[in-house]
Amino acid sequence: MDDQSHAMDFTGRAVLVTGGTRGLGAAIARAFLASGADVMVCGRSTPAALPSTGGREAAFQAADLRDPVAAADVVAATAERFGRLDVLVNNAGGSPDADAATVSPRFIEKVVALNLLAPFYTAQAANLVMREQPGGGSVINIGSVSARTPQPGTAAYSAAKAGLLGLTRALALEWAPQVRVNHITAGLIRTENAAALYGEDGGDAVAGVVPMGRLAEPDDVARACLWLACDLSSYVNGADLAVHGGGEVPARYTAACRPGSP
């Protein structure tokens with residue numbers, strides 16, 4: 001059996017993390033930096049500080065990936081700076097809640113563009129680079145449990161994330177074996193925005209419905225990205241890796257177990 005001890009050493013490899021300047025994206029960028037990779041992050045505005053660890057810092061390029069030209073440009077800039085592109089992590093996404101009955105067409109278009117079209121545009125550009133280089137490459141799409149279990153106020157977001165999962169499987173069929181394309185279904189994650197998303201307790205109350213008893217830390221998802229990008233998963237393609245702590249305990253069970261329930 002081949003020696004796997006250095007499977008997660010990304011020295012000499014180049015990684016692009018979209019939305020990599022804060023939150024989950026920054027954690028993913030730091031994980032790849034710590035593993036030796038050269039990392040480019042992008043966002044719509046220049047951050048006060050870039051992801052860094054162990055004296056190594058990510059490079060940055062401003063980009064609105066909803067524009068296919070901008071998506072192609074940031075991929076080209078990454079390949080030019082580092083001489084190659086081995087891993088693309090499509091992390092940029094998100095949406096505020098909105099009432100599906102009254103939400104504007106413009107809002108819907110923007111949400112779908114950010115969460116589905118932008119990853120498609122960026123992956124297209126990355127594939128053109130990866131398929132021509134020795135070793136090919138890996139695309140990892142960061143999805144959401146909303147793709148399978150939508151919550152009220154997330155119709156456009158949930159539809160876009162469901163589309164991202166379908167896109168992952170389609171690209172995996174078309175681009176193998178040179179380029180692998182995989183998906184992570186992320187659950188509730190404790191980031192700096194946790195209070196705004198889950199309440200003032202930062203998600204402590206919400207954690208009670210997760211079988212693992214806690215929200216995910218950003219590093220939980222980051223480590224999953226490392227595995228999907230490394231040689232240990234070289235035969236994993238078109239997969240959906242659930243990083244959600246087991247999902248959520250069904251509401252009917254929670255209600256039945258309350259004190260005083262019949």
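Of all the residues in region 223-245, those that are open to solvent by less than 30 Å² (accessible area, probe 1.4 Å), touching a strand residue (DSSP E or B) at 6+ places or on another chain (Cβ under 9 Å) and over 15 Å from Thr185 (Cβ atoms) number 3.
Can you confirm whether Ala92 is assigned to a loop (DSSP other than H, G, I, E, B) and free of Cβ contacts under 8 Å to residues at least 12 places away in the same chain?
no
In the set (1) small (Gly, Ala, Ser); (2) touching a residue at least 40 places away in the same chain (Cβ under 8 Å); (3) within 19 Å of Thr18 (Cβ to Cβ), Ala147 fails one condition alone, (2). Restricting attention to region 145-158, the residues being open to solvent by 50 Å² or more (accessible area, probe 1.4 Å) and assigned to a helix (DSSP H, G or I) number 1. The set of residues in region 159-182 that are charged (D, E, K, R) and not in a helix (DSSP H, G or I) contains only Arg180.
Quick one: is Ile184 in contact with a Leu (Cβ under 7 Å, 6 or more places away or on another chain) and at pLDDT 95 or above? Write out each step before concluding.
Values: in contact with a Leu (Cβ under 7 Å, 6 or more places away or on another chain): yes; at pLDDT 95 or above: yes.
So Ile184 passes the test.
All conditions in (1) out of contact with any Leu (no Cβ under 8 Å at 6 or more places or on another chain); (2) open to solvent by 10 Å² or more (accessible area, probe 1.4 Å) hold for Gly136, with the sole exception of (2).
The values are calculated or read from the model by the stated rules, or taken from the named source; none is laboratory data. Small disclaimer: the values here were computed from a predicted structure and weren't measured. Cβ: placed from backbone, ideal geometry, glycine included. Neighbour counts: every protein chain shown. When the accessible area is computed, the model is the full protein with side chains, heavy atoms only, and any ligands, DNA or RNA have been set aside. Shrake-Rupley method; radii C 1.70, N 1.55, O 1.52, S 1.80 Å.
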